[in-house]
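Trainee: Pasting a structure here, questions to come.
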Amino acid sequence: MKKYIEELREKIKKYSDYYYTNSESLISDVEFDRLLVELKELEEKYPEYKSVESPTEVVGATNLRDTKFQKVTHKKPMLSLSNSYNEGDISDFIERVKKNLAEEKGIEYALELKLDGLSLSIQYENGRLVRAVTRGDGAIGEDVTENILEIESIPKVLKESVSLEIRGEVVLPISKFEELNKRRLEAGEEVFANPRNAASGTLRQLDSKIIKERGLDAYFYFLVDAQNYGVKTHSESIDYLAKLGIKTTGVCEVLKDSSELIKRIEYWGEKRESLDYETDGMVIKVNEIELWEKLGNTTKSPRWAIAFKFPAKQVTTKILGVTWQVGRTGKITPVAELEEVELSGSRVKRASLHNYQEIERKDIRVGDSVFIEKAAEIIPQVVKSVRELRDGSEMIISEPTTCPICNTPVERESGQVDIKCPNLTCPGKIEGELIYFVSRDAMNIAGFGSKIVENMLKLGFIQNIVDIYELKNHREDLEKLEKMGKKSVDNLLNAIENSKTREYSKVLCALGIPFIGKTSAKLLAQASGNIDRLMEMSVEDLTQIEGVGDKMAQAVYDFFRDEEKIRLIAGLKSHGICFEQEVVEELPQEERVFTGKTFLFTGTLKNFTRNEIKEEIEKLGGKNLSAVSKNLDYLIVGEKAGSKLKKAQELGTVKIISEEEFMEICGKK
Ligand code: IVH
């Protein structure tokens, strides 16, 4: 055990030192925290193997030997924060604070964003910036004054001639980070895994010009010895910083108990996606500064504050292999098979590698440790590989020359990065078409997932989209299948029957015409009225439709000249699938009771789907808004209403109604 603990300690030190000397993490924060927690638990269990030099006892860098900058001892150590991850942890913190301050009542808390950058301490003397120091190991940091002078948002002279020390976070705005990575990729340079690594790498550049170029920014959240400046609370000290011209995030909410804190944390958990800087959580601080001394600090962190960490969007793992997938258009794309990890609350085993060019540019190999993240897309992406952790056994990935499913030699259209399987009857492609046909934006057949499609194909029950509507003839065979049973077969067959009522535009979308998604399918449906007319349209007719470009028009035209497609459409027709645009009769003006009124709904509704309620509102002349604002007239509140309700209440101008009240108004009850 002793050996294991020592090895773990060494490993953590290696990662931590690498980060502080090279401004780059070799593993994700989550992985790092996991190792640290493991070490801490072991040290508690086996106190005989504890060490004062353990990373569990030391804040930040353990190795400043190799620094390029002047070392400076902080006047007051720069502490870290202990972390919390759920509501229970927050309540525990609040209880602990209350218990430690037995005599105090009505304690207030300041809630702030936790910026994900690198911490910095700045000293001003008589209103002039004299020195800026990084956190380093918490006791000793690096003098980065020269570089800091290049950050435009940091005032070199304050609005008052005071002497003080402030602490905050240097960040690289997300927009600048994306620009920077794009430039690096184009120049064949290694990309940064995330804005924090990029900020750190930039700040610790010896050439200070680069700082201005890349657009570093900084926000401040702490005034050292604030009580000496006539303020009593943390929130007042933040106002004071702002008054001096120091940039703060503007978010410092004073709240009273854990339920208020939890609500606002939830609110910011959503809202943070729209900010131009990364936040990895929130920080809760006891607001009254006098109480800080009473609560005191541990060796690493104050007892009057705690960080709440949002679920990580980025983690590190290993690439075990690469699978080349054939999509419905024949496009062949690489997918990384990963050592399973947890990411934003789900287990992840695969991540997209986009295309071969991306693999080459990012130099990603099988066996590599990689950063993966969930961005706006639901499918996780491989961000970058960590070269420093290679041991020579990694394997270069090569691009296939034949289709991985049907072995037909692949083709590449000129100027395109993707390779394609040109075989129209490639089983991979057909599977893709079927998966797309049953998917949500298309025929939306509930319970018909990609696994079932795969199975049905393998068993020969379906070969094309028309066969789906003949599955009912295989009822008995289906019931015999593993994991299917009578009930699920019933559900599946019902869902298939129900899909016959899908509107014409959804059916058009489901056909999978190249370049035609759900929005353009709507345009085609409206303009053509029915499929026969659409099939007759010339390329010119098609380009006349607003929103349909040359490429789309040609694709639609070609699609309907393909005999196989014509046969499939006839098959679908014979099963009663809808190929005609429903004529929605407009209500007479006097019945359009919502004319001129705006609506928004929040939470789960009992009687409508999201689309149904929107359609109902529009039918009655109302307009749907996407967010709470001064322009909103009605907020319809369902179960488990979230931040929109709170915001509407705060505004005070919005009429808040229940789903039942809404139904009464529109005469549905
Ligand atoms: S307060 C003693 N407030 O998070 C007070 N820290 O995990 C310590 N951080 O070292 C800091 N946003 O680098 C504080 N609003 C905020 C913060 C914040 C980000 C960073 C800071 C700190 C680390 C702790």
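Trainee: About the Cα centre of region 349-388, what is the dipole size in debye to 20, counting +1 per Lys and Arg Cβ and -1 per Asp and Glu Cβ, all else neutral? Mind showing how you got there, number by number?
Mentor: Numbers: 8 positive and 7 negative charges, 22 e Å.
The dipole of region 349-388 has a size of about 100 debye.
Trainee: Still on this structure: Could you give the angle, 0 to 90 degrees to the nearest 10, between helix 563-574's Cα long axis and the longest principal axis of the Cα atoms of the chain?
Mentor: 80
Trainee: Still on this structure, please answer the following. When the solvent-accessible surface of protein heavy atoms is calculated with a 1.4 angstrom probe, in what order do E266, E339 fall, highest first? Present the calculation step by step, with values, prior to reporting the outcome.
Mentor: Details: E266 115, E339 90 Å².
So, going from the largest accessible area down, we get E266, E339.
Trainee: Okay, next question. Please give every one of the lysines within straight-line cross-link reach of K3, meaning a C-alpha to C-alpha distance under 19 Å, and leave out same-chain neighbours fewer than 8 residues apart.
Mentor: Cross-link targets: K11, K13, K14, K40, K45, K50.
Trainee: Along region 271-288, what does the Karplus equation 6.51 cos²θ - 1.76 cosθ + 1.60 (θ = phi - 60°) give for ³J(HN,Hα), rounded to whole Hz, x for Gly and Pro?
Mentor: Values, residue by residue: 4, 4, 4, 8, 8, 8, 9, 7, 10, 9, x, 10, 10, 9, 10, 4, 6, 7 Hz.
Trainee: If the cut-off is a Cα-Cα distance under 19 Å, which lysines reach K630, setting aside same-chain residues fewer than 8 apart in sequence?
Mentor: K271, K597, K644, K646, K647, K655
Trainee: Between E270 and E476, take the C-beta separation as r, use R0 = 41 Å, and let me know the FRET efficiency to the nearest 0.05. Please list the in-between numbers first.
Mentor: Numbers: r = 48 Å, r/R0 = 1.18.
With R0 = 41 Å, the Cβ-Cβ based efficiency is 0.25.
Trainee: Now a separate question. If DNA, RNA and ligands are ignored and the probe is 1.4 Å, what is the ranking of D550, D467, D541 by accessible area, most exposed first?
Mentor: Values: D550 115, D467 30, D541 75 Å².
So, going from the largest accessible area down, we get D550, D541, D467.
Trainee: Please list 3J(HN,Hα) in residue order for region 383-395, calculated via the Karplus relation 6.51 cos²θ - 1.76 cosθ + 1.60 where θ = phi - 60°; whole Hz, with x for glycine and proline.
Mentor: Running phi through 6.51 cos²θ - 1.76 cosθ + 1.60 with θ = phi - 60° gives 7, 6, 9, 9, 4, 4, 9, 6, 10, x, 8, 5, 10 Hz.
Trainee: Also, quick follow-up: By how many degrees, 0 to 90 and rounded to 10, does the Cα axis of helix 87-100 deviate from the longest principal axis of the chain?
Mentor: Between the helix axis and the principal axis of the chain, the angle is about 20 degrees.
Trainee: Give me a comma-separated list of calculated 3J(HN,Hα) values for region 160-176, in order, Karplus coefficients 6.51, -1.76, 1.60 applied at θ = phi - 60°, integers in Hz, x for any Gly or Pro.
Mentor: 10, 8, 10, 10, 7, 10, 10, 10, x, 10, 8, 10, 10, x, 4, 4, 5
Trainee: Let me ask something additional. Taking the Cα centre as origin and putting +1 on Lys and Arg beta-carbons and -1 on Asp and Glu beta-carbons, what dipole magnitude results for the chain, to the nearest 20 debye? The partial results should precede the final answer.
Mentor: Working: 100 positive and 115 negative charges, 169 e Å.
Using Cβ point charges on Lys, Arg, Asp and Glu, the chain gives about 820 debye.
Trainee: Taking amide H positions as placed 1.01 Å from N in the peptide plane, with prolines and chain starts having none, which residues 5 or more places from K331, or on another chain, fall under 5 Å of its amide H?
Mentor: Hits under the 5 Å cutoff: C421.
Trainee: Right, next: Students often get this wrong, so check it: of K76/K309; K105/K374; K247/K294, which have C-alpha atoms separated by over 32 Å? Intermediate values should be presented prior to the final figure.
Mentor: Numbers: K76/K309 25 Å; K105/K374 43 Å; K247/K294 29 Å.
Flagged as over cut-off: K105/K374.
Trainee: With the crude spin-label approximation of a point 7 Å out along Cα→Cβ, what separation in nm comes out for E48 versus S346?
Mentor: Taking the two extended label points, one gets 4.8 nm.
Trainee: Could you work out how much longer the chain between K597 and E337 gets when fully extended? Use 0.36 nm per residue separation minus the Cα distance between them, nm to one decimal. Walk me through the intermediate numbers first.
Mentor: Numbers: separation 260, 0.36 × 260 = 93.60 nm, distance 5.06 nm.
Contour length minus the Cα-Cα distance gives 88.5 nm.
Trainee: With +1 on the Cβ of every Lys and Arg and -1 on the Cβ of every Asp and Glu, and nothing else charged, how large is the dipole of region 137-198 about its Cα centre, in debye rounded to the nearest 20?
Mentor: Working: 8 positive and 14 negative charges, 54 e Å.
In total the dipole reaches around 260 debye.
Trainee: Here's another thing I want to ask about it. Within the chain, what whole-number % of the accessible surface is contributed by carbon and sulfur, with the 1.4 Å probe and all protein chains included in the calculation? Intermediate results must be reported in sequence, preceding the final value.
Mentor: Details: 16440 of 34740 Å².
Heavy-atom surface of the chain belonging to carbon and sulfur, 1.4 Å probe: 47 percent.
Trainee: Another one. Would you please give the FRET efficiency between T653 and K243, computed as 1/(1 + (r/R0)^6) with r the Cβ-Cβ distance and R0 = 25 Å, to the nearest 0.05? Before the final figure, lay out the partial values.
Mentor: Working: r = 31 Å, r/R0 = 1.23.
Between T653 and K243 the formula returns 0.25.
Trainee: Starting from the amide H of F222, placed 1.01 Å from N in the peptide plane, find each other amide H under 5 Å away whose residue is 5 or more places distant or on another chain.
Mentor: Counting only residues 5 or more places away or on other chains, the set is R167.
Trainee: Considering just Cα atoms, how many Å³ per residue does the convex hull of region 93-212 enclose? The partial results should precede the final answer.
Mentor: On the way: hull volume 20.3 nm³, N = 120.
Convex hull of Cα atoms, per residue: 169 Å³.
Trainee: So what is the accessible area of the chain per residue, in Å², with the probe set to 1.4 Å?
Mentor: Working: 34740 Å² over 669 residues.
Per-residue value: 52 Å².
Trainee: Check E580: other-chain or 5+ apart residues with amide H under 5 Å from its amide H, H built from backbone geometry?
Mentor: Hits under the 5 Å cutoff: Y504.
Trainee: In degrees, nearest 10, range 0 to 90: what is the angle between the Cα axis of helix 485-498 and the longest Cα principal axis of the chain?
Mentor: The angle comes out at about 70 degrees.
Trainee: Tell me the mean residue ellipticity at 222 nm calculated for the chain from its helices only (DSSP H runs of n ≥ 4, each -39500 (n - 2.57), averaged over every residue, nearest 500). Before the final figure, lay out each step's value.
Mentor: On the way: 24 runs with 240 residues, N = 669.
Calculated at 222 nm, the ellipticity per residue is -10500 deg cm²/dmol.
Trainee: A further question on this structure: Report the local net charge at C421: Lys and Arg +1, Asp and Glu -1, summed over other residues whose C-beta lies under 10 Å from its C-beta. Don't jump to the answer; show the numbers that get you there.
Mentor: Values: positive: K331, K420, K429; negative: E411.
Neighbour charge sum, excluding C421 itself: +2.
Trainee: Another one. Heavy-atom accessible area of T73 with all protein chains present, probe 1.4 Å, nearest 10 Å²?
Mentor: 100
Trainee: Between N530 and N498, how high is the FRET efficiency from 1/(1 + (r/R0)^6) when r is the Cβ-Cβ distance and R₀ = 30 Å? Nearest 0.05.
Mentor: Details: r = 22 Å, r/R0 = 0.72.
According to the calculation, E is roughly 0.90.
Trainee: Still on this structure, please answer the following. Let me check something: with ligands and nucleic acids excluded, how do S84, S398 order by accessible area (1.4 Å probe), largest to smallest?
Mentor: S398, S84
Trainee: How large is the accessible surface of V654 in square angstrom, using a 1.4 angstrom probe and rounding to the nearest 10?
Mentor: 20
The values are calculated or read from the model by the stated rules, or taken from the named source; none is laboratory data. Source: prediction; values computed, not measured. Cβ atoms come from the backbone with ideal geometry, glycine included; neighbour counts cover every protein chain shown. Ligands, DNA and RNA are stripped out before the accessible areas are found, and what is left, the full protein with its side chains, is counted by its heavy atoms. Shrake-Rupley method; radii C 1.70, N 1.55, O 1.52, S 1.80 Å.
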